[in-house]
Structures are given as C-alpha cells and as structure tokens.
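Read-outs throughout are calculated quantities, based only on the coordinates presented, and are distinct from any laboratory measurement. Not measured: the values here are computed from a predicted model. Here the Cβ positions follow ideal geometry from the backbone for every residue, glycine too, while neighbour counts run over all protein chains shown.
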Amino acid sequence: MNADFPIRYIDPVFRPPSEAESLILPVTDGCSWNHCSFCEMYTAPQKKFRARDEAETMETIRRCGERFGAGVRRVFLADGDALVLPTRRLLQVLSAIREHLPAVRRVSSYCLPRNLRRKSVTELEELAAAGLSMAYVGAESGDDEVLAKVNKGETHASTCEALDKLQQASIKRSVMILNGLGGRSLSRQHAENSARLANATQPEFLATLVVNFPMGEARFRAAFPEWEPCSEHELFAEMEHFIGALELRRTVFRADHVSNRLVLKGNLGAEKARLLNEIRVAMDHPDQARLRPLWQRGL
C-alpha cells in the first residue's frame with residue numbers, strides 16, 4: 001500500500017456515474033462471474049477476481065478515516081460485485097465505515113443477481129440496517145434469449161428474484177439496461193421484455209446505456225456471431241418501444257451515460273409522454289433533437 005495514500009487501487013477502476021463524488025473502496029478485485037461477452041471492464045490480466053484481505057480492508061478504512069475524516073459522505077464498495085462477499089464480511093466492512101467515517105450517509109455497490117441467491121432477505125435487512133443503502137444491478141436485458149446469447153448467466157426470473165429481495169430489505173435498486181444488446185433481430189423482444197422486468201420490480205432508479213465495444217467486437221461475436229448492430233434510428237426505435245411499454249409509478253430514469261447519443265432524463269411514469277416525444281423528435285427530425293455530438297462521446 002502506498003504510504004501517502006490509504007487505498008491500494010488496481011487499474012482500471014470503475015464506478016457508476018452517480019458515484020462520482022464517492023470514496024471508491026475496493027473490497028474485492030475484478031468480477032466473480034466475468035463471462036459476459038459484451039463487458040470489457042474486468043478483462044485485464046491484473047483484474048482477476050479475488051476478495052481483498054480482511055486485514056487490508058480494515059486498515060484501509062481506518063486510514064481513510066484519518067486522512068479524510070468527516071469529508072466523506074458516500075462510499076462505493078468496489079469492484080464488480082462486492083455483494084459476493086459473505087454477509088459477515090460485509091457487516092464487518094459496514095461497521096468499520098460507521099466507526100472511522102461517521103459522516104457517511106450512503107454506501108452502495110454493484111450487485112450481480114446470482115450473488116443474492118445464497119443471501120436471505122433477513123441477511124439483506126441486516127446489511128441495510130448496517131448502512132448498505134443502494135445496489136446497482138446490471139440486468140442488461142429482461143429477455144432470456146438475449147441473456148443467453150451474451151453469456152450473462154442470468155434469466156428474467158433470476159433478476160426479478162434478486163430485485164425483489166433487495167426491495168424487501170429496503171435497499172434501493174438502480175437497474176441498468178443495455179440498448180442495442182440484442183442487435184437488429186432481437187431488438188423488439190429485448191425492449192419489451194426489459195420493460196416487463198422493470199414493470200414487475202418497480203426499481204427506484206432505471207438507466208440505459210448503449211452497447212459498444214471500444215476494444216473490438218471479437219469477444220462478443222464469438223458468443224453471438226449472428227448479431228447485427230442497430231443503426232442510430234433503430235436504437236431510438238428500440239428506446240421508444242422500451243419506454244412505451246413501461247408502467248412505472250415512481251422511478252427516476254436516466255439515459256445520460258456518454259454512450260447515449262440522445263440524452264434522456266425524467267421521472268416515470270409522470271414524464272413518460274415527454275420522454276417519448278423527445279425520442280420521436282430524434283427519430284423524425286434529428287436536426288431538431290438534443291443529440292450529443294459524436295466527439296463528446298469519446299467512443
């Protein structure tokens with residue numbers, strides 16, 4: 001560990017856009033699944049999955065308290081799926097955060113649905129009481145055919161089960177769907193079944209990103225060789241189908257990640273009509289739409 005900085009990071013480090021002001025606290029390295037063909041986040045050799053040593057984690061939290069004191073209000077538990085850790089370990093981490101970083105008001109983590117299969121609602125309630133308040137769930141799709149083709153290792157049912165467990169434990173859920181993941185052939189069912197997933201679980205937060213491959217498509221196409229990318233217009237049409245099928249009561253929706261050409265923000269369902277209108281303007285009159293310039297996307 002660097003003597004001048006209390007946290008040992010292994011690059012690259014990832015976090016959700018909404019955790020930009022959070023302390024990124026690694027309790028694991030890499031992703032325990034890491035078979036999703038579309039994901040490049042944890043494929044670097046140095047990012048092989050492992051749980052961080054307990055003693056190192058506790059010392060890191062203690063030193064962060066000494067270094068940052070009351071300046072830390074939010075903590076994000078890294079890397080790809082910290083909730084894979086046993087409940088005992090997670091409770092130990094949350095207790096140390098309370099002790100050494102007492103100003104923290106939100107602790108969050110990425111969460112693979114598979115990691116909640118062995119955790120009971122009671123265990124999740126214990127984690128919530130100890131300070132875990134948000135889980136970011138990369139559902140990617142609500143369609144079983146799409147999920148199988150991209151090696152997600154989940155189904156519509158397994159994702160619903162995990163989201164329902166989190167809700168029962170009063171842990172807020174931020175769900176992410178990948179626009180374009182099914183390609184042209186599966187676009188409609190990807191949109192409709194992803195909406196069905198959201199409708200069934202009513203997440204507090206919902207976001208869409210656009211599938212892209214900065215490191216090339218070879219890994220993805222090896223699993224899904226017939227995939228054809230959607231055009232920009234087809235991506236907008238998929239979003240129209242998705243949002244049109246949503247029946248949400250009070251969900252904060254964001255499509256503002258850099259991968260999105262059309263930035264959308266609103267509350268569903270109160271602003272569903274406005275969001276659909278913005279999509280239709282982008283489809284029919286792109287010169288009048290608020291499209292992100294290609295150079296800003298950096299993809």
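If the cut-off is a Cα-Cα distance under 17 Å, which aspartates and glutamates reach Lys165, setting aside same-chain residues fewer than 8 apart in sequence?
Cα-Cα hits under 17 Å: Asp81, Glu123, Glu125, Glu126, Glu154, Glu204.
What is the extension gain from Phe68 to Asp4, computed as 0.36 nm multiplied by their sequence separation minus the C-alpha to C-alpha distance, in nm to one decimal?
21.8 nm
How much mean residue ellipticity at 222 nm does the chain get from its helices, if each DSSP H run of length 4 or more adds -39500 (n - 2.57) and you divide by all residues, to the nearest 500 deg cm²/dmol?
The helix-only estimate for the chain comes to -11000 deg cm²/dmol at 222 nm.
So, by mean Cβ neighbours within 10 angstrom, what's the order for 240-249, 210-219, 172-181 with the highest one leading?
My ranking of the peptides, most packed first, is 172-181, 240-249, 210-219.
By DSSP, what percent of the beta bridges with both residues in the range 137-299 are antiparallel, rounded to the nearest 5?
35 percent
For the chain, take the convex hull of the Cα atoms, compute a quarter of its surface area, and give me that in nm², please.
15.4 nm²
With all pairs of different alpha carbon atoms counted, what Kirkwood hydrodynamic radius in Å does the range 137-299 show?
16.1 Å
Measure up Lys48/Lys119; Lys149/Lys272; Lys149/Lys265; Lys48/Lys152 against 28 Å on the Cα-Cα distance and list the ones that go over.
Lys149/Lys272; Lys149/Lys265
If I take R0 = 25 Å and measure r between the Cβ atoms of Met215 and Leu294 in this structure, what FRET efficiency does the formula 1/(1 + (r/R0)^6) give, to the nearest 0.05?
0.85
Cysteines without a disulfide-compatible partner in the chain, using Cβ under 4.7 Å as the rule?
So far as the 4.7 Å Cβ criterion goes, Cys31, Cys64, Cys111, Cys160, Cys230 stand without a partner in the chain.
Say the dipole of the chain comes from +1 at the beta carbon of Lys and Arg and -1 at that of Asp and Glu; which of Leu25, Gln46, Val72 then lies farthest toward its positive end?
Toward the positive end, the furthest listed residue is Val72.
How much of the DSSP beta bridge set in the range 8-110 is antiparallel, as a percent to the nearest 5?
Antiparallel bridges: around 20 percent, rounded to the nearest 5.
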